[in-house]
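To keep things clear, I will list the structure first and then write my remarks on it.
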Amino acid sequence: MPSSTPKHLEFLKRSTRALRGGGQKAIERQIAMGKLTARDRITAILDTSSFHEYDLFVEHRCKDFDMDKKVLPGDGVITGTGTLSGQGVCIYAQDFTVAGGSLGLMHARKITKIMDHAIKMGLPIIGINDSGGARIQEGVDSLAGYGEIFYRNTKASGVVPQISVILGPCAGGAVYSPALTDFVFVVDQISKMFITGPEVIKTVLGEDISMEDLGGARVHTEISGNAHFFARNELECFHQIKKLMTFLPGNNTKRPIPQAPAPPKAKYNVEQIIPAEPSKPYDVRDIIKAVCDNSDFFEIQQRWAANIVIGFARLNGETIGIVGNQPLVLAGVLDVDSSDKAARFIRFCNAFSIPLVTFVDLPGYLPGVDQEHAGVIRHGAKILYAYSEATVPKTTVILRKAYGGGYIAMCSRHLRADFVFAWPTAEIAVMGPEGAANIIFRNEIAAAPDPVAMRKQKVVEYTEKFANPYVAAAAGHIDAVILPADTRKFLLHAIQISKQKTESRPRKKHGIPPF
Ligand code: HXC
């Protein structure tokens, strides 16, 4: 069609108007807030020139409150498909410059259409949230729109990876779409996520709080655990998204694309990380880096429940999911938050056929009234459930302490680990030698002429008998006692020979995990 025909000019006029979003003033305001525009965000995330936009000409249908006089380009959301590192993705970005990115009926339909494409075509979904929430003028139609999105988030769960990026307000019920997705990214000073805003809190509770302190990026990556990745600015956030995607498959029938295998960096010496003194902490991430390809460990939820470490790495170029107790924080105990954090990650890996490697060093579950009252029984059960349910290849390495319920919970043989290895420093017992001696030798210690010396002797006796890997090895609960230097070799082999693993469970509609 020649470019000067009336039809062509009409197309140009309409598309130029729609592509302007909320207009120059609103765009300038967006930029002044340190934010990119919705379209620039999509362009920055996807491969160059790969974005194909749909539904540019969708219009809202609301007639109330003078809405029939308002043009809302694209109805405040941009949707389409593109590629990221060559792999197809579905993407949407709410456009705050158009009615505050508020969600009305047609806005929601655009989002659900692209979500349906993602489910049908087996493509990951990336949703960029920057919105004042339900479009107030559209009433229950807006609420219906959210319901349709939540339903699809749930339908897509475990089928395609779902990523939420919070780049502005995400208020009210809108927060539940990100909460239903697999990974939530936030940016310092830009992300604001809350159910009820500061004004409601002031009215109902009489408390003054800023949006930042209520639901800013730090709050959700350090306190609530609602978000998984913290970035200082949008570009850093996009870099994190791109990196995450390299570890993931497009859907639950695919495998992540393998990368070129690479040995760990020489600066991480696996033999020199655990201190000689058994109660001294160390950073479990150094052990992970000492065994995985290129020492590249992509940590998730780094700032929250830091007593457990989760993330992706590669062995021989293949993605693996790593869970490790972190002796640097609370001696690596399991508690309410760390159990939640690990359990959800284990379920993600299982859903997307990503093999799990677990590093164990913990004194058990965290004791205390706070934890009991916060439901450590229920939350702690999640990790047992997640590991027991998982049928992906599961390999466990016991580094040092593996006491009590913690030993069982951290992917023990009893929860069907395929391979359990223990370092010579492993201590596998019902509890630590000090506590054990105090209980089982209480009478002998009390009756001894020198109770202190007797206690010491009993601790030594208990340590010699149980604080080692050999009792568990003798019972076949672990498969091999291995030298730290051989860990990578054993892991590479375990992953390699588990590739065709099949394991089934009784048929059921679904289990009932301790949510
Ligand atoms: C309609 C909205 C809107 C909304 C913002 N706008 N939110 N329009 N419905 N929910 C419009 C504003 O009227 C304004 O239009 C433009 O977007 C920019 O908004 P500002 O307020 O000027 O921007 P800012 O000062 O940056 O404040 C942003 C904000 C604030 C904090 C998000 O707009 C706000 O508090 N909005 C309402 C948030 C809220 O309560 N949402 C409903 C939540 S309930 P003009 O024309 O002036 O440019 C909910 C239920 C969902 O979402 C339940 C699902 C289960």
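The values are calculated or read from the model by the stated rules, or taken from the named source; none is laboratory data. Predicted model only: the values in this text are computed from it and were never measured. Note: ideal-geometry Cβ built from the backbone for every residue, glycine included; neighbour counts use all protein chains shown. Just so you know, the surface numbers come from the protein's heavy atoms only, side chains and all, with ligands and any DNA or RNA stripped out. Shrake-Rupley method; radii C 1.70, N 1.55, O 1.52, S 1.80 Å.
Considering every residue within segment 38-45, establish whether at least one is within 16 Å of the ligand (Cβ to nearest atom) and open to solvent by less than 90 Å² (accessible area, probe 1.4 Å). Let's see the steps before the verdict.
Step one: list which residues in segment 38-45 are within 16 Å of the ligand (Cβ to nearest atom), which gives 38.
Imposing the further condition that a residue be open to solvent by less than 90 Å² (accessible area, probe 1.4 Å) reduces the set to 38.
Within segment 38-45, one or more residues are within 16 Å of the ligand (Cβ to nearest atom) and open to solvent by less than 90 Å² (accessible area, probe 1.4 Å).
If Asp40 satisfies every condition in (1) at positive phi; (2) in a helix (DSSP H, G or I) but one, which is the exception?
Tallying (1) at positive phi; (2) in a helix (DSSP H, G or I), Asp40 fails exactly one: (1).
Just for segment 1-26: of the residues that are within 16 Å of the ligand (Cβ to nearest atom) and in a helix (DSSP H, G or I), which one is surrounded by the most Cβ atoms within 10 Å (Cβ to Cβ)? Give the derivation first.
Taking segment 1-26 as the starting set, the residues that turn out to be within 16 Å of the ligand (Cβ to nearest atom) are 20-26.
With the extra rule that they be in a helix (DSSP H, G or I), the set shrinks to 24-26.
Numbers: Gln24: 10, Lys25: 9, Ala26: 18.
It comes out as Ala26.
Of the numbered conditions (1) free of Cβ contacts under 8 Å to residues at least 40 places away in the same chain; (2) surrounded by 15 or more Cβ atoms within 10 Å (Cβ to Cβ), Asp66 satisfies every one except a single condition; which is it?
(2)
Which of the residues spanning segment 421-443 are touching a Lys or Arg at 6+ places or on another chain (Cβ under 6 Å), under 19 Å from Ala472 (Cα atoms) and surrounded by fewer than 20 Cβ atoms within 10 Å (Cβ to Cβ)?
Taking segment 421-443 first, the residues touching a Lys or Arg at 6+ places or on another chain (Cβ under 6 Å) are 425, 427, 437, 441.
Next, only the ones that are under 19 Å from Ala472 (Cα atoms) stay: 425, 427.
Result: Thr425, single match.
Would you check which residues across segment 444-461 are surrounded by 13 or more Cβ atoms within 10 Å (Cβ to Cβ) and either acidic (Asp, Glu) or closer than 29 Å to Thr395 by Cβ (or both) and list them?
Glu444, Glu461
Search segment 27-37 for residues being part of a helix (DSSP H, G or I) and in contact (Cβ under 8 Å) with a residue 40 or more places away in the chain, and hand back the single one that is least open to solvent (accessible area, probe 1.4 Å).
Narrowing segment 27-37 to residues part of a helix (DSSP H, G or I): 27-32.
Now narrow it down to the ones that are in contact (Cβ under 8 Å) with a residue 40 or more places away in the chain: 27, 29-30.
Values: Ile27: 37, Arg29: 146, Gln30: 5 Å².
The qualifying residue least open to solvent (accessible area, probe 1.4 Å) is Gln30.
For segment 473-515, what are the residues that are basic (Lys, Arg) and in a loop (DSSP other than H, G, I, E, B)?
Correct list: Lys499, Lys501, Arg505, Arg507, Lys508, Lys509.
If you go through segment 328-338 one residue at a time, do you hit one that is hydroxyl-bearing (Ser, Thr, Tyr) and under 20 Å from Pro484 (Cβ atoms)?
Taking segment 328-338 as the starting set, the residues that turn out to be hydroxyl-bearing (Ser, Thr, Tyr) are 338.
Filter again for under 20 Å from Pro484 (Cβ atoms), leaving none.
No: segment 328-338 contains no residue that is hydroxyl-bearing (Ser, Thr, Tyr) and under 20 Å from Pro484 (Cβ atoms).
Filter segment 128-183 for residues that are within 30 Å of Asp66 (Cβ to Cβ) and in contact with a Pro (Cβ under 9 Å, 6 or more places away or on another chain); which is most open to solvent (accessible area, probe 1.4 Å)?
That would be Gly132.
Phe96 fails exactly one of the following numbered conditions: (1) outside any loop (DSSP other than H, G, I, E, B); (2) within 13 Å of the ligand (Cβ to nearest atom); (3) open to solvent by 40 Å² or more (accessible area, probe 1.4 Å). What is the number of that condition?
Exception for Phe96: condition (1).
Quick one: Arg413 ticks every box in (1) modelled with pLDDT of 95 or more; (2) basic (Lys, Arg); (3) open to solvent by 60 Å² or more (accessible area, probe 1.4 Å) except a single one, so which number is it?
Answer for Arg413: the failing condition is (3).
Of all residues in segment 176-197 being closer than 13 Å to Leu214 by Cβ and among the aliphatic types (A, V, I, L, M), which is farthest from the ligand (Cβ to nearest atom)? Don't jump to the end; show me each part of the working.
We begin by selecting, within segment 176-197, every residue closer than 13 Å to Leu214 by Cβ; these are 191-197.
Imposing the further condition that a residue be among the aliphatic types (A, V, I, L, M) reduces the set to 193, 195.
Numbers: Met193: 11, Ile195: 9 Å.
That would be Met193.
Of the conditions (1) within 20 Å of the chain's Cα centre (by Cα); (2) modelled with pLDDT under 95; (3) away from the ligand (no atom under 16 Å from the Cβ), Glu222 clears all except one; give me its number.
In the conditions (1) within 20 Å of the chain's Cα centre (by Cα); (2) modelled with pLDDT under 95; (3) away from the ligand (no atom under 16 Å from the Cβ), Glu222 misses (2) alone.
Within segment 153-175, which residues are modelled with pLDDT of 95 or more, within 14 Å of the ligand (Cβ to nearest atom) and not β-branched (Val, Ile, Thr)?
Hits for segment 153-175 are Asn153, Leu167, Gly168, Pro169, Cys170.
Residues checked against (1) in contact with a His (Cβ under 7 Å, 6 or more places away or on another chain); (2) within 8 Å of the ligand (Cβ to nearest atom); (3) part of a helix (DSSP H, G or I):
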position	(1), (2), (3)
His107	no, no, yes
Lys110	no, no, yes
Lys113	no, no, yes
His117	no, no, yes
Lys120	no, no, yes
Gly127	no, no, no
Leu143	no, yes, yes
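Identify, please: which residue in segment 198-219 is hydrophobic (A, V, I, L, M, F, W, C) and within 15 Å of the ligand (Cβ to nearest atom) and is, among those, farthest from Lys341 (Cα to Cα)?
Step one: filter segment 198-219 for residues hydrophobic (A, V, I, L, M, F, W, C), giving 200-201, 204-205, 209, 211, 214, 217, 219.
Next, only the ones that are within 15 Å of the ligand (Cβ to nearest atom) stay: 200-201, 204, 209, 211, 214.
On the way: Val200: 30, Ile201: 28, Val204: 32, Ile209: 27, Met211: 25, Leu214: 21 Å.
Once the filter is applied, the top-ranked residue is Val204.
Is there a residue being of a type outside the set (Lys, Arg), more than 16 Å from the ligand (Cβ to nearest atom) and under 23 Å from the mean Cα position of the chain (by Cα) anywhere in segment 58-78?
No, segment 58-78 has no match at all.
Given the conditions (1) of a type outside the set (A, V, I, L, M); (2) more than 13 Å from the ligand (Cβ to nearest atom); (3) assigned to a helix (DSSP H, G or I), report the number of the one that Gly147 does not fulfil.
Evaluating Gly147 over (1) of a type outside the set (A, V, I, L, M); (2) more than 13 Å from the ligand (Cβ to nearest atom); (3) assigned to a helix (DSSP H, G or I) leaves (2) as the failure.
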